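To start, the structure under review is shown below, and the notes come after it.
The values are calculated or read from the model by the stated rules, or taken from the named source; none is laboratory data. Note that the structure is predicted; figures quoted are calculated from it, not measured. Virtual Cβ from ideal backbone geometry, glycine too; neighbours counted across all protein chains shown. Accessible surface is based on the protein model in full, side chains and every heavy atom, while ligands, DNA and RNA are left aside. Shrake-Rupley method; radii C 1.70, N 1.55, O 1.52, S 1.80 Å.
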Amino acid sequence: MVGNLTVFKGAVAINAYGAALRKFPAVLWGVRFGLLLSVGLHIWAYLALSVKSWSARPKGYRVTSYKEASLASRTMRWTGPILAAFIIFHLLHLTTGTVHPDFKEGDVYHNLVAGLSVMPVAVFYLVAMACLALHVFHGIWSLFQSLGFSQPRFDSFARRLATLFTIIVVGGFVLIPLAVLAGILKLQ
Amino acid sequence: MNLTLHIWRQKNRHAEGRFVTYEARGISPDMSFLEMLDVVNEGLILKGEEPIAFDHDCREGICGQCGVVVNGSPHGPRPATTTCQLHMRSFKDGDVLTLEPWRANAFPVIKDLIVDRGAFDRIIATGGFITAPTGNAPDGNAILVPKPAADRSMDAAACIGCGACVAACPNGSAMLFVAAKIAHLGYLPQGQPERDRRALAMVARMDEEGFGACTNHGECEAACPKEIPIEFIARMNRDYLKAALFSPAERSGPSDGA
Ligand code: SF4
Ligand code: FES
């Protein structure tokens, strides 16, 4: 996220950041492989958990009413796949350039601004970031709960940390498409 | 007051169930929810029909037998209240209520609104005990218990095993119940010798019984008539993690074969 934000320092800065990432291909592929492995495990856990939950309640209720379950907790099962689709799109869009209208290898700034100037694409980015906010917020809070840090449901350290982390990270990401839409980031 | 009830009727474990609509007439707001069902049942008996089967025993909120899902809320709309302690003044004249049994794979419906909660007993049997010397009664203060630990233990011990947590959980998970039982003994000095084995055995049994997995919605604590908090679930996870990492040998420890 911090790397992405170098776009606000101009084309030179973010292009340098892009080049730096590619300087050591071994490291880059190592990280990519690690991420891919994590995504695989994440999806496996998602499937295992879903199957377990569905088989635990083969017959549902006619009437349901939620009291504490949050929008974030109830949409985890949907925000996850949307984010997976987004990540694939994002890679095809700005890493490989496959679905980019005017992709210039190595010119990160140009690719980013030109790519996000397309309205539907920018909207998809914003929707995905909204999903990310919900997903990450519930994820971080759950992390504490599942690993056994006793916390009250509301107003706890874990809740505050989850909120803060979500605002900083998602806020940082979302600034970029917003800035392109607002015309703050322009093609040079 | 008069109410319309859509009630789940099911002859036995294997029969297909369905909703049947009943009218409850002339209900006093001071009646409990179960007394309201008693009135409906008396009407059914007079007409020669099969009364609605529902579970209950103490009717004072301490045994954990009763429990009906009322309009999607286990034990009805009032927080921290069992179905037997819920009064009809919590409803309005003319309300339409849907009454369903606890829904979980591990809680098969026996009849109408009654489910078989034997799975809870089997979980308790694998770890809900301590080892105590027999013989004369021990001296009153021979084992000192810090006040905060005693308080937390009592909070957990308030669980009456009603199963509303499972009924409320979107995943059909029994984590709140099991966590309460583990915390109840785990906070006390008497509960320490079996602490690791207890966590491993009870969690393993819970999984075998076919309960779902916790995804931290928090619906269980909202439905719990005894206000067991989900902090106990985090504590159970910690106990389990510690036992699994540092005393895996306890896994094969003797279980009393429930
Ligand atoms: S934890 Fe609460 S809801 Fe669950 S069985 Fe115990 S008393 Fe009932
Ligand atoms: S009948 Fe005993 S708790 Fe309701």
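Which one of these does B:ILE123 not meet: (1) over 17 Å from B:CYS224 (Cα atoms); (2) outside the structural domain of B:GLU231 (by TED's automatic domain parsing); (3) within 16 Å of ligand 1 (Cβ to nearest atom)?
B:ILE123 satisfies all of (1) over 17 Å from B:CYS224 (Cα atoms); (2) outside the structural domain of B:GLU231 (by TED's automatic domain parsing); (3) within 16 Å of ligand 1 (Cβ to nearest atom) except (2).
Please return the ranges of helices (runs of 4 or more DSSP H) entirely within segment A:7-113 where 2 or more residues are within 14 Å of another protein chain (Cβ to nearest Cβ).
A:25-56, A:71-90
Does segment B:42-66 hold any residues that are more than 15 Å from ligand 2 (Cβ to nearest atom), surrounded by fewer than 21 Cβ atoms within 10 Å (Cβ to Cβ) and within 14 Å of B:ILE114 (Cα to Cα), and which are they?
Within segment B:42-66, B:PRO51 is the sole residue that qualifies.
Considering B:VAL69, B:VAL39, which residue is farther than 30 Å from B:GLY191 by Cα and either within 15 Å of ligand 2 (Cβ to nearest atom) or in contact with a helix residue (DSSP H, G or I) (Cβ under 6 Å, 6 or more places away or on another chain) (or both)?
On inspection, the qualifying residue turns out to be B:VAL69.
Which one of these is more than 14 Å from ligand 1 (Cβ to nearest atom) and within 12 Å of another protein chain (Cβ to nearest Cβ): B:PRO108, B:PRO193?
Result of the check over B:PRO108, B:PRO193: B:PRO108.
Can you report the number of residues in segment A:114-147 which are open to solvent by less than 30 Å² (accessible area, probe 1.4 Å), within 28 Å of A:TRP78 (Cβ to Cβ) and more than 14 Å from chain B (Cβ to nearest Cβ)?
Final tally of qualifying residues: 9.
In segment B:28-50, how many residues are touching a Gly at 6+ places or on another chain (Cβ under 9 Å) and in a loop (DSSP other than H, G, I, E, B)?
Selection size over segment B:28-50: 1.
For residues that are touching a helix residue (DSSP H, G or I) at 6+ places or on another chain (Cβ under 6 Å) and within 16 Å of ligand 1 (Cβ to nearest atom), scanning just segment B:78-105, find the one that is nearest to the other protein chains (Cβ to nearest Cβ).
B:ALA104
When the residues of segment B:166-186 are filtered to those that are open to solvent by 10 Å² or more (accessible area, probe 1.4 Å) and more than 12 Å from every other protein chain (Cβ to nearest Cβ), which remaining residue is farthest from ligand 1 (Cβ to nearest atom)?
The qualifying residue farthest from ligand 1 (Cβ to nearest atom) is B:LEU185.
Of the residues that sit in segment B:218-232 and are more than 14 Å from the chain's Cα centre (by Cα) and facing another protein chain (nearest Cβ under 7 Å), which one is nearest to ligand 1 (Cβ to nearest atom)?
B:ILE230
Output yes when any residue across segment B:206-217 is charged (D, E, K, R), surrounded by 24 or more Cβ atoms within 10 Å (Cβ to Cβ), assigned to a helix (DSSP H, G or I) and within 14 Å of chain A (Cβ to nearest Cβ), and no when none is.
No - not one qualifying residue is present in segment B:206-217.
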